[in-house]
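In what follows, a structure is listed as structure tokens, so that the remarks can point back to it.
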Amino acid sequence: MISGLLRTSEYAREFLHLACGPLSYGQDEDEIDWMVAKLSEFRLYDDLVIVESIVGEQQLAEADDVARYEKYVELLRGAASTGTEAAAVIRRSLESLR
């Protein structure tokens, strides 16, 4: 199982860029982005969190763990764009790809 330290996307990205990491085996940045996303994927239920990674699934049912992931969801909701703001973010992203 991946340690808690690897659960931050910044650390995971650095880890995957190590000399012995995926880049040295021909993986590109898009594939590393996918790997980082998989390292931080989780589902939150009433009293259960399921954390998925590229090496398996971990089920967390301790109240402290569930509360931590509830806080993560609130942080994500607070940072999310919605409505016209979300549409503007998508337009800017599309324009940057042209």
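Miscellaneous remarks
- Any pair with Cβ under 7 angstrom, 6 or more apart, that starts in region 59-87 at a residue that is in contact (Cβ under 8 Å) with a residue 12 or more places away in the chain and surrounded by 10 or more Cβ atoms within 10 Å (Cβ to Cβ) and ends at one that is among the aliphatic types (A, V, I, L, M) and in a helix (DSSP H, G or I): L60/V66
- First in region 45-58 and aliphatic (A, V, I, L, M), second anywhere and modelled with pLDDT under 85, Cβ under 6 Å, 6 or more apart: I54/K38
The values are calculated or read from the model by the stated rules, or taken from the named source; none is laboratory data. Note that the coordinates shown come from a computational prediction; the quantities given were computed from them, not determined experimentally. Please note: Cβ atoms are built from the backbone with ideal geometry, for glycine as well, and neighbour counts cover all protein chains shown.
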